Amino acid sequence: MPNNEKGTCRDVFKTFKYSISLNKLLVAFIAVVWFNILDFVCFGGNSIGGNVYRSITDAFYWLFSNNDLVMSAKAFLSIPSAFIPTYAANTAFGLKVLYTILFYLGAWIPIAFLIGVITRISAVQVARDENIGLKESFGFAQRKYLAFFLPIVLVFAVFGLVGIGFNLVIGLAGYIPYAGEILVPVLYPVAAIFGLLAVVAIVFGLLGFPLMAPTISVEGQDAFDALSRSYHYSVQRLGKYVVCLALLFFFLVPCTWFMSTVIIDKIEKVTLSSFQTLGLDEKEMPVIDGKGDEKVMTPDQYDRMMAAYTKWPSRSKYVITVEDKETAQVEKGPFFVRDDEELKQFLAQGKLNDPVVREIQLSGSEEVGGFILMGWIKALRYLVGAFVLCFLLTGSTIIYFILRKQIDGAEVYDVFIEGEDEEFEFGDFEETTEKTDNEKSGE
């Protein structure tokens with residue numbers, strides 16, 4: 001397509017082509033693995049990743065399986081809440097906030113750099129149909145690291161300072177003896193204004209967040225330029241921006257299905273079927289349902305190892321199911337728990353009628369083998385997450401080019417390339433000097 005025809009909403013459908021890049025997928029994979037490792041270390045069980053995955057799955061289930069737009073919309077709106085970690089009920093609110101901030105700050109420090117690498121590769125791909133190497137893109141992201149890191153941090157800092165900090169100070173005025181009862185009602189309009197400013201900052205900051213990293217990768221500017229352009233473009237062309245984002249997300253669904261079902265699932269099934277055909281031994285899994293039943297389940301080695309490490313990298317100790325007593329077929333579950341305390345909490349909820357609890361017993365070699373096996377399987381799952389991240393960042397870069405052309409009239413192929421301007425200026429100076437010397441010699 002000629003360059004002058006680029007910059008329309010149709011370009012969103014090129015996202016898949018630009019996303020299938022080995023360099024970008026590798027970088028995105030590192031980002032996904034880092035987030036899940038930090039999630040496991042802090043919360044022990046990939047709680048955030050699992051919650052986000054379930055929210056997205058529920059949204060598309062209601063949309064495509066039941067054709068229920070209302071339930072699908074509710075599930076979509078619940079996706080942001082899935083990013084909030086799960087804490088114990090007795091955890092103080094202040095500790096929850098502090099721990100959440102520290103967790104996401106720890107995740108964002110390296111991920112901001114990796115996002116910069118991906119969007120830089122995407123910017124050059126989209127603008128010039130060229131691929132740049134990891135060395136060049138890593139160098140660019142390193143030089144512009146603060147520009148990639150700061151914009152969204154500044155958005156949340158303003159929200160916290162204006163919306164929470166100032167209103168907290170005003171609230172403390174109520175503790176002043178005698179004068180507090182008067183000051184709080186008098187200062188209420190000030191608190192309302194600060195609250196409004198905080199809401200505006202967080203809403204428009206999150207609205208323009210997808211455009212921040214592409215702005216830096218395309219223009220080569222600083223964090224304040226990223227904030228300014230992302231706010232300006234998303235608000236001035238709000239309708240087109242929302243349409244492009246909607247196209248991007250709906251296009252993401254079949255692309256993710258293709259990557260997950262057609263490619264990753266097939267790789268996993270072919271690999272694991274060869275593992276299962278080895279005819280490995282079967283072993284009893286004792287039933288611990290408190291009724292003295294003698295029933296046992298005898299899966300092969302593969303099934304036992306998979307059951308034990310379903311919550312990889314942590315180890316599951318029990319499997320809970322509800323079965324038909326006549327056919328012994330699983331009706332609900334299985335549910336996996338990691339220790340005796342978690343088992344007690346699960347059974348105390350009373351959500352299952354007549355639960356059957358089985359203890360998973362593995363030998364030492366099976367423990368090691370199960371850990372390694374689930375590591376490879378999780379790596380395949382993380383590869384799907386890497387594709388989704390790569391797809392969204394590439395699509396955001398394309399949307400930035402579209403909005404920039406609509407608002408500023410800049411062509412899509414106009415992208416910042418380090419060194420080009422300097423070379424042009426030097427050549428232009430050299431040509432001008434040579435022309436002046438010729439004129440003087442002619443005189």
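The values are calculated or read from the model by the stated rules, or taken from the named source; none is laboratory data. As the structure is a computational prediction, the values presented were derived from the model and not from experiment. Positions of Cβ are generated from backbone atoms using ideal geometry, with glycine treated the same way; all protein chains shown enter the neighbour counts.
Using the structure shown, decide if P313 is surrounded by fewer than 17 Cβ atoms within 10 Å (Cβ to Cβ), modelled with pLDDT of 75 or more, at negative phi and touching a Lys or Arg at 6+ places or on another chain (Cβ under 9 Å).
yes
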request  = Go through (1) of a type outside the set (S, T, N, Q); (2) within 20 Å of V388 (Cβ to Cβ); (3) modelled with pLDDT of 90 or more; (4) touching a Ser or Thr at 6+ places or on another chain (Cβ under 8 Å) one by one and return the number of the condition P151 breaks.
outcome  = (2)
inquiry  = Against the conditions (1) part of a helix (DSSP H, G or I); (2) of a type outside the set (D, E, K, R); (3) in contact with a Lys or Arg (Cβ under 6 Å, 6 or more places away or on another chain), where does L98 fall short? Just the number, please.
reply    = (3)
key: Evaluation of A379 against (1) of a type in the set (A, V, I, L, M, F, W, C); (2) farther than 30 Å from V243 by Cα; (3) modelled with pLDDT under 85 (one fails), failing number   = (3)
query = If you scan the range 212-221, which residues turn out to be more than 15 Å from D408 (Cα to Cα) and surrounded by 17 or more Cβ atoms within 10 Å (Cβ to Cβ)?
reply = M212, A213, P214, I216, S217, G220
query = So, in the range 222-231, of the ones that are assigned to a helix (DSSP H, G or I) and among the charged types (D, E, K, R), which residue ends up farthest from V412 (Cα to Cα)?
reply = D225
request  = Might you check whether a residue that is in contact with a helix residue (DSSP H, G or I) (Cβ under 9 Å, 6 or more places away or on another chain) and under 21 Å from V388 (Cβ atoms) occurs anywhere in the range 87-102?
outcome  = no
message = Of the conditions (1) at pLDDT below 75; (2) surrounded by 16 or more Cβ atoms within 10 Å (Cβ to Cβ); (3) of a type in the set (F, W, Y), F40 satisfies every one except a single condition; which number is it?
response = (1)
Sole residue being under 30 Å from R10 (Cβ atoms), assigned to a helix (DSSP H, G or I) and under 14 Å from the mean Cα position of the chain (by Cα), chosen from A107, A28, A75 = A28
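I'd like to verify a number: residues in the range 353-370 that are surrounded by fewer than 16 Cβ atoms within 10 Å (Cβ to Cβ) and touching a residue at least 12 places away in the same chain (Cβ under 8 Å), how many? Outline the logic, then answer.
Looking only at the range 353-370, we keep the residues that are surrounded by fewer than 16 Cβ atoms within 10 Å (Cβ to Cβ), and these are 353-354, 359, 361, 363-365, 367-368.
After this cut, where a residue has to be touching a residue at least 12 places away in the same chain (Cβ under 8 Å) as well, the list is 353-354, 359, 361, 367.
Within the range 353-370, residues that are surrounded by fewer than 16 Cβ atoms within 10 Å (Cβ to Cβ) and touching a residue at least 12 places away in the same chain (Cβ under 8 Å) number 5.
Consider the range 64-85. How many of its residues are closer than 30 Å to L102 by Cβ, exposed (fewer than 14 other Cβ atoms within 10 Å of the Cβ) and not aromatic (F, W, Y)?
Total meeting the criteria: 4.
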